[in-house]
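Computed from the coordinates by the stated procedures, all read-outs in this text should not be read as laboratory data. These figures come from a predicted structure and were not determined experimentally. All Cβ positions, glycine included, derive from the backbone under ideal geometry; neighbour counts span all protein chains shown.
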Amino acid sequence: MSDDYDYEALLKRAHESMPDIEVSGDERWAVPALDVIYEGRITVWKNFQEIVDSIRRDADHIQGHILRSLGSAGSIEGRRLILKSVIPKEKLKGKVDEYVSTFVICGECGKPDTHLVKDRRTSVVECMACGAKRPVKVKKGLQAKERRRMLLPGDEIDVMIQDVGRLGDGVAKVDKFVIYVPGVTKGAAVKIKIEKVTGTMAVGRVVQT
Ligand SMILES: [Zn+2]
């Protein structure tokens, strides 16, 4: 028993006397931890701007990508991103990672020191560390799914009433759909159930306020 202990101690000392292995820049670089709180059915991403600063990309671009792939309404308020639905923190982190691997990380050296340049119709990630260029590849499946996003009767979604129509109904916009919601006021964030869909027009009923 004591032999085992001595061996462990020896091993530990051996490890301690070894020089620290140099980590390269990209391994040390990490997106800061997300600071997220929930207020009712609203997700408040408190340090959104901090993440944006660390990624060094346009806040609106990041916001757009994340909201679209989550299918959630939301807006930037100061340094925070307010999402009009409850999104688990892990899911948000996943979206950040997805954004970083798609729009930030160099395909050659793996470093985040890149910038986004428009090359005709496509975007290219150009590395300032090694000079490599790669086209941005947004996951095909995701893109197609987004384009085909359907709203179906029976769907329950969180919306923000952005306007009031001529007949007094609240109007919400989700992707290409205009949804009329009776009995709500402008600015209300409500959960609705879709009752009818005609083309890109829909009618919803409030199920929760
Ligand atoms: Zn590189």
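Residues whose amide H lies under 5 Å from that of residue 123, counting only those 5 or more places away or on a different chain, are 136; hydrogens are built 1.01 Å from N in the peptide plane.
Using C-alpha pairs under 8 Å with a sequence gap of at least 6, the mean separation divided by the residue count of region 150-208 gives a relative contact order of 35 percent. Distant-in-sequence amide contacts of residue 74, defined by a placed amide H-H separation under 5 Å and a gap of 5 or more residues or a different chain, comprise 84.
For region 97-108, putting each phi into the Karplus relation 6.51 cos²θ - 1.76 cosθ + 1.60 with θ = phi - 60° gives couplings of 4, 4, 4, 4, 6, 7, 10, 10, 5, 5, x, 8 Hz, in residue order, rounded to whole numbers and with x for Gly and Pro. Exposure proxy shown here: for 120, 56, the number of other Cβ atoms within 10 Å sets the order, fewest to most, as 120, 56.
In this structure the amide hydrogen of residue 174, modeled in the peptide plane, comes within under 5 Å of the amide hydrogens of 179, none closer than 5 places in sequence on its chain. What the Cβ-Cβ distance of residue 152 and residue 132 gives, at R0 = 35 Å and to the nearest 0.05, is a FRET efficiency of 0.20. Legend: residue pairs 173/196; 46/176; 46/111, Cα-Cα distance threshold 20 Å; pairs beyond threshold, 46/176; 46/111. In this structure, residue 35 and residue 68 have a Cβ-Cβ separation that, at R0 = 25 Å, corresponds to a calculated FRET efficiency of about 0.65.
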